[in-house]
Amino acid sequence: MFTTLARRSHTRLLPLVMLLITAGCEPDRVAPSSGLDVRATLGGEQTAGYAMALEPRAFEFPADHGPHPDYRNEWWYWTGNLTSADGRGFGYQLTVFRTALSPHETDTESAWRTRQVYMAHLAVSDLDNRQHRAYERFARGAVGLAGARAAPFRVWVEDWEIEGNPDTTFPLRLRAAEDTVSLDLELSPIHGPILQGDAGLSIKGKEPGNASFYYSYTRMDTLGSIAIDGDDHEVTGLSWFDREWSTSALGRDRSGWDWFALQLSDGRDLMFYRLRLVQGGMAPESAGVLVEADGRYRTLGGGEVALEPLAHWISPDTGDRYPIEWRLRVPVEDLDLTIEARFADQEMDLTFGYWEGAVKVSGSATGLGYLEM
């Protein structure tokens, strides 16, 4: 039986616009949804006064691990597939989103006053029991409730936090607990960072500025513990770390995207996002990257990748319809992959609804990964 447990942790201090900052995608809907519109969230209608992603820039680390408050939206995104010593499988997601409610600070002596607000999502998929648990939090970036800094690296929303080594940033420690679920993980990159798009400038639309700055650590050794319902599990596996910031990401004719992050058993990693057009079909700016086992990588244009949904699932909770099995082909690399959800109901039925879950890969290569829709 597929079940989803969700916690809605709202705060009266945050305006509704805070809910408009996630990187998730609108599903392939067959019924009206009360979810918020990603196109309005990440579009270019409210850009005055904010910095824009217009051309490639030099990345600086560790500074770029920290916040970029002059841009409207930003996120730190971790996902992974983990296995316990007795072979039990888990998927996890821990994500922190920042949004600026205005381009300039307001002069005030109040310690509570801030234009930066944060949202965080935590999800754990118990793969053997086919149970997905998802939670969310909101906090303003003031009086220590939430925030981000580059050195020493830390991103947090209340006591959900990600901390880096004070001297070297990595390894990272991820800690979060809610209800009867908790995780405490240590992540060490095998290679990276991988600069997505044009030296880190990821184009999402035709209009200038419809882009983000985007880099990834596509393969991170992971160890630690996951607890569910009082049972502690020591786990190991691989994680994926995505970083993006922007002001206007989606053009007017883009409705959202489907994002694949795949870690293949031969040591290669593959990321591809399909930008969806409002009228249907894939936008030409769809793109990805193929990372070799030694860390060398090359970008993939939308014309190099063919995507075909093979099977769908309809959520009994929201009525939304999601493709949960795909065929992904990269002919120039002799890749012909089938990507299948490790179980269907990994829907993030939170304030901002989307599907994000663990997948398995078969075909010309095998592996595991995460899919966001």
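For the reader, a short list of remarks on this structure follows.
- Electrostatic dipole magnitude of the chain [Cβ: Lys, Arg +1; Asp, Glu -1; Cα centre; debye, to 20]: 820 debye
- Value of relative contact order over the range 131-250, rounded to a whole percent, pairs C-alpha under 8 Å and six or more apart: 17 percent
- Once C-alpha pairs closer than 8 Å and six or more residues apart are averaged by separation and normalised to the residue number of the range 269-373, the relative contact order reads 15 percent.
- Estimated at the nearest 10 Å², the accessible area of His68 is 20 Å² with a 1.4 Å probe.
- Enclosing the Cα atoms of the range 291-373 in their convex hull gives a volume equal to 115 cubic angstrom per residue.
- Against the criterion of solvent-accessible heavy-atom surface with a 1.4 angstrom probe, Thr299, Thr79 sort, most first, into Thr299, Thr79.
- Heavy-atom accessible surface of the range 112-259: percent carbon and sulfur, 1.4 Å: 46 percent
- Fluctuation leader among Glu234, Glu325, Glu333 - the chain, Gaussian network, Cα springs under 10 angstrom: Glu333
- Across the chain, the mean sequence separation of Cα contacts (distance under 8 Å, 6 or more residues apart), normalised by length, yields a relative contact order of 19 percent.
- Ile339 - accessible surface, heavy atoms, 1.4 Å probe, Å² rounded to 10: 0 Å²
- Net charge dipole, the range 161-223: roughly 360 debye, given to the nearest 20, about the Cα centre with Cβ charges of +1 for Lys and Arg and -1 for Asp and Glu.
- Of Ser315, Ser286, Ser216, the one that fluctuates the most in a GNM where the chain has Cα springs shorter than 10 Å: Ser315
- Under Stokes-Einstein, with the Kirkwood radius over Cα pairs as Rh, the value for the range 45-176 at 20 °C and 1.002 mPa s is 129 µm²/s.
- Ile228 accessible area, assembled protein chains, probe 1.4 Å, Å²: 10 Å²
- Over the chain, DSSP H runs of length four or greater, each weighted -39,500 (n - 2.57), average out per residue to a 222 nm ellipticity of -500 deg cm²/dmol.
- Our summary of shape: the Cα atoms of the chain have principal axis extents of 59, 49, 46 Å, ordered from largest down, in whole angstrom.
- Residues in the chain average 39 Å² of solvent-accessible surface per residue, probe 1.4 Å, ligands and nucleic acids excluded.
- Ellipsoid equivalent to the range 147-242 - semi-axes via the Cα gyration tensor, in Å: 29, 15, 15
- Qualifying GluC sites (Glu not before Pro) for the range 83-176 [loop in DSSP, other Cβ within 10 Å: at most 12]: Glu105, Glu109
- The eigenvalues of the Cα gyration tensor, multiplied by 5 and square-rooted, give the range 41-105 an equivalent ellipsoid with semi-axes of 34, 15, 11 Å from largest to smallest.
- Signed unit charges on C-beta, dipole axis of the chain, positive-most listed residue Ile339, Gly66, Val124: Gly66
- Of all stretches in the chain that contain no trypsin sites (Lys or Arg not before Pro) in a DSSP loop with at most 16 other Cβ atoms within 10 Å, the longest one is 297-373.
- Summing Cβ point charges (Lys, Arg +1; Asp, Glu -1) relative to the Cα centre of the range 215-267 gives a dipole of roughly 460 debye.
The values are calculated or read from the model by the stated rules, or taken from the named source; none is laboratory data. Because the structure is a prediction, the values reported are computed rather than measured. Cβ coordinates were reconstructed from backbone atoms using ideal geometry, including for glycine residues, and neighbour counts include every protein chain displayed. Quick note on the areas: whole protein, heavy atoms, side chains included, nothing else; ligands and nucleic acids left out. Shrake-Rupley method; radii C 1.70, N 1.55, O 1.52, S 1.80 Å.
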